[in-house]
Structure formats: C-alpha cells, structure tokens
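Engineer: Can you read through this structure? Questions will come right after.
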Amino acid sequence: MSVRAVWLLGLEKGETSVKLSRRYPTVEKRARIFNGESYTKVPEDKVFQNALLAELGMTDLDKNFVEHRDSCCRINKTSVYEIAIGDGVLWPVLVLTQNANLYACLPLVEQSLTPHPSLMSLRGISSAFALLTGLMTFLNMAQRNESEIATKVAQLPAMLMHACPLGTPTDTDFGLMQTLSGSLVPQNAISSVQAQKQPAWKPGVYKGKPQVNVCVTEQITSMQYDKKDVIDMWQEYGTVSCKCDLEGIMPTVTVSLNLPINGSPLQDILVHPCVSAVDSTILTFNSVDDMDDSLFNGPYKFPFTPPLDVFKLCYYTSQVPIPPILGSYQMKEEEQILKIAVNLKLHESVKNGFEYCEAHIPFFNRGPIVHAECKVSHGQLEVSREKSLLVWLIGQKFPKSLEVSLTGMVIFPANHSAQPTDPFCTGLTAYVKLYFRIPDYTLTGCYVDQHSVQVYSSAKPRIITSKELLSSEYYIWNSKGDAPMAIKF
C-alpha cells in the first residue's frame, strides 16, 4: 500500500507550477521489479506536468480533438488516468482537483501493468486517495490569502515525512498532525513514558483517561419503481469508525467484526493503512461475483496501531436480500391538480425503532403549492416553507401492521414561475425520498462485541461499541411516469 510519487500543481492566473513533488526511491525500485517490462520511470516534474495537462486537455495546444483521449471508445469514469511519458505510460495516476490546485499521486502496483489489472484489486488506490484527500483538507483549512496558503504549502514536505514515511501512508490527517506537533504532551512527560522510539508518523501521544470507541455504520441506497418490467435496485455498504484514546507510544488494538449465523457476508473490504495484518481470504470476495456458500462469514479481525484522531478502520459492502422499507408512489395529473398515493411497508425482519423516519415528496417545475389536502394513516404531514415540498413525519415506530399510507391531492397555480426547477423531473417523472436512522441495528447483523476488542496498552481502557443503519439516496419513483434505471450489459 505504498506510493511512488506525489505532486501538487498550482493553476493560478493561467500559469501552471509544481508547488510540491515527492518521490520515493525505495518504492521505485520495488515498482521496477513488480512491473517488469511494463515499468515506466517517474519523469522529471516538468515532463510530468506537461503530460498531465495534455491528458486533461488543459493546454491550448491540446484543446482540439485527440483520438486516444477524446474518442467515445475511452470513457473515463474515475479519477484515475493513464499518462503518456515518451514510449511508456504511467498508470494508475490518481488526480483530484480543488481550488485551482491539481493533486496527483502514483500508487505502487505490485504486478505487471499489461494488461491493466482491475482497480478494485489494487491496494494502493485507497492509500493514495486517503493521502490526497488529507492534503486537500489541510490546504483548504487555510484562508484564501496567498501568504497563509504559501505557509501551509511550505509545511508539506516536513509533514509528508510523518504522514508517508518511505512512501507508505500511515496517518493522513495533516490538520491534526499540525495541532499535535509538540503540543499534545509536554516533552518531559513523553520522555518519562517512552519505552520505545517515537515513530515519525505519530508526532504526539495521548495523555488522559483511556477509552476505545468503535461504531459500525451501514447505509442503504435504493431505487424502487413498483413496475413489473423494471427491477428494483438496492445496495448496502458499511464503515467501521474508531477513536482510540490510549496512552503509550505504540498501543495495539484488535477489533473483530462478527456476523450472526444467517448474516450477509461482507464483501469489497478496504482497510485503513494502519492495519498491520489481515487475512487475505477476507479481501478476495467481490460483490460482482456470484453469491455462494464458500463466502467467508467471519469473524473479521483487524489488528492495528491507531492514529490519534477518529478514523475509518474499514469499508465494506454486502448483498442484503431486501431493502428495509418497501414502497410505492403513484402520482396522476389533472390540470393544476396532482393526485398522489404513497404506501410504505417496513420489512418484518427489520427493527421497528427509529431515531427519525421521514418521507419527502418534492414537486418541481410547478410553482408553489396553493393547497394540499392529504390524509396520512400514521404520523403527520407538513408543507415546507418554500411551498414546494411535502414532508411526511412518520415518527419513531411503524404501527403494528408495519404499513403506512398517504393519499390526497395537491393544487398548484395556473400561472407560475416554475420554482424550483429540475430539468429531469418534468411531467409525471417524480419521486419520494426517504430519510431514516435505526440505532443499535445493522442490516447485515454486523456488530462489534466489546468483550472481543483486545487492547495492548499500559492501562485498561473503557470499551464502547455501537451500530446504526442510515438511509442514503433512498428513492421511490412514481410508477405512473418515467424514471431513471440501471441497465446491465
């Protein structure tokens, strides 16, 4: 999970300059061995800058059509680029843009580059992304005056030594690193407890009450159509967040993710760079593969030396059999009157205990709501201040039937300014969007047992574990109109 090089390019006032570049010779030697005949040396900064701008079409000479870059045969759907350097190519070059700056990073690929392996199989991609987003966040903390930005850029070389020693990203929270550099614990306190060498990537140590907090957060996205010829789509993905307040130079923690017997296996697992070791079998299962009985069902163990701030221990996806709330939405139009009907049903296997549960019904390109006459079987209905949205507050529990409904009509003016507007949601193309949170519950059943968290530190810490399910992009489309849908080729 190493990187070969990092660049920061400025685009101010129509001129491009290399503000920062860092190469890692030891990683470059490994790249030469792993890549074999497909290896391309990292070029000088000026050569890389010109090649990157040409690939992005950001130079005057390259604004015209270029076959290899602009043809329909090559549609780039990611932030990863292939940069032509002489007779060879640099790949995968991760490029992000923010505030007239280009952030670029070349991660190490531990295999041949011909043909290009799948991005999902490259461990260095997530490390490179974490490093670049850390740089972006740190520079974005500065005010918009040139002097403060220049000061922060001048600090980056020294901070990269701590954040990415020998080309391996460890702790990429540059803002925290700046805060903790020499100020978290007095020097005499550090020397009194220092039983081993202070690592370069950890500029301070914690002093206080020991505590470990682990939270499993799962999010569910859904696109439901209530049509026989269209398949509903949903996707569940989760993150495990940790905050470890532990004394000592290098405390070690092991967190185990557990699943019930009938739980959905975790897939597409990505781990934080601080994880020291992980069973390779749990990283090989991909959600694009067919489900079978051989999938690893846990426990998933992650030993790590924690950073000082909150961090994401791992990310995962899972193929859950059904979304938590099934719904239907019907909207019919009669002149300036819309007749609507919404039905929602909570699946019987899902915990009926919400922190909040709301259904938002927006209306675009019709002007403000003149009158709404609707009836709900449960909860209460409100009209937004902008008069363009119905908010159905379902509450913290569904009724015993686990079903709720809304019916009624909404009247709009004959002449209006069509605010708010949406170029897609015209006519009968409309949706209901659900917002909910279920505490102490996950769809997969994934959880962290506080008694299974192992901590190797000078003091016994308090262990706090939690879990939650959140909605994310949860849409129910009008079955009487058109709607966007995914098509598999």
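The values are calculated or read from the model by the stated rules, or taken from the named source; none is laboratory data. None of these values were measured; they are calculated from a predicted model. With ideal geometry, Cβ positions are generated from the backbone for all residues, glycine too; neighbour counts draw on all protein chains shown.
Conditions (1) charged (D, E, K, R); (2) farther than 30 Å from residue 440 by Cα, marked per residue:
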| position | (1), (2) |
| --- | --- |
| 342 | no, no |
| 356 | no, no |
| 372 | no, yes |
| 380 | no, no |
| 389 | no, yes |
| 397 | yes, no |
| 403 | yes, no |
| 406 | no, no |
| 411 | no, yes |
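Engineer: Considering only residues that are within 16 Å of residue 269 (Cβ to Cβ) and without any contact (Cβ under 8 Å) to a residue 12 or more places away in the chain, look in region 105-131 and name the one that is surrounded by the most Cβ atoms within 10 Å (Cβ to Cβ).
Structural biologist: Step by step, filter region 105-131, then rank; the result is 121.
Engineer: Go through (1) in the same structural domain as residue 365 (by TED's automatic domain parsing); (2) more than 26 Å from the chain's Cα centre (by Cα) one by one and return the number of the condition residue 435 breaks.
Structural biologist: The number of the failed condition is (2).
Engineer: Need at least 2 residues that are touching a Gly at 6+ places or on another chain (Cβ under 7 Å) and charged (D, E, K, R) per element, so show me which strands (runs of 3 or more DSSP E) inside region 308-397 make the cut, counting only ones lying wholly within it.
Structural biologist: By residue number, 371-376.
Engineer: Only one of these is among the small types (Gly, Ala, Ser) and closer than 25 Å to residue 232 by Cα: 405, 388. Name it.
Structural biologist: 405
Engineer: For region 283-321, which positions are among the β-branched types (Val, Ile, Thr) and either in contact with a His (Cβ under 6 Å, 6 or more places away or on another chain) or modelled with pLDDT under 70 (or both)?
Structural biologist: Within region 283-321, 284, 288 qualify.
Engineer: Follow-up question, since we're still on this one. Is one or more of the residues making up region 389-403 surrounded by fewer than 17 Cβ atoms within 10 Å (Cβ to Cβ) and free of Cβ contacts under 8 Å to residues at least 12 places away in the same chain?
Structural biologist: Yes, some residue in region 389-403 is surrounded by fewer than 17 Cβ atoms within 10 Å (Cβ to Cβ) and free of Cβ contacts under 8 Å to residues at least 12 places away in the same chain.
Quick grid of which residues meet (1) polar (S, T, N, Q); (2) outside the structural domain of residue 275 (by TED's automatic domain parsing); (3) closer than 21 Å to residue 5 by Cα:
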residue	(1), (2), (3)
96	no, yes, yes
110	no, yes, yes
131	no, yes, yes
134	no, yes, yes
137	yes, yes, yes
140	yes, yes, no
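Engineer: Do we have any residue at all in region 352-364 that's more than 30 Å from residue 260 (Cα to Cα) and of a type in the set (D, E, K, R)?
Structural biologist: no
Engineer: Quick check: anything in region 330-339 over 22 Å from residue 419 (Cβ atoms) and surrounded by 15 or more Cβ atoms within 10 Å (Cβ to Cβ)?
Structural biologist: yes
Engineer: Right, another one. So, in region 219-267, of the ones that are among the basic types (Lys, Arg) and touching a strand residue (DSSP E or B) at 6+ places or on another chain (Cβ under 9 Å), which residue ends up nearest to residue 428 (Cα to Cα)?
Structural biologist: Within region 219-267, the match that is nearest to residue 428 (Cα to Cα) is 227.
Engineer: Just need a number here: residues in region 384-408 that are touching a Ser or Thr at 6+ places or on another chain (Cβ under 8 Å), more than 17 Å from residue 353 (Cα to Cα) and of a type in the set (A, V, I, L, M).
Structural biologist: 3
Engineer: Restrict the check to region 252-272 and report whether at least one residue is among the acidic types (Asp, Glu), at pLDDT 90 or above and part of a strand (DSSP E or B).
Structural biologist: No, there is no match, as no residue in region 252-272 is among the acidic types (Asp, Glu), at pLDDT 90 or above and part of a strand (DSSP E or B).
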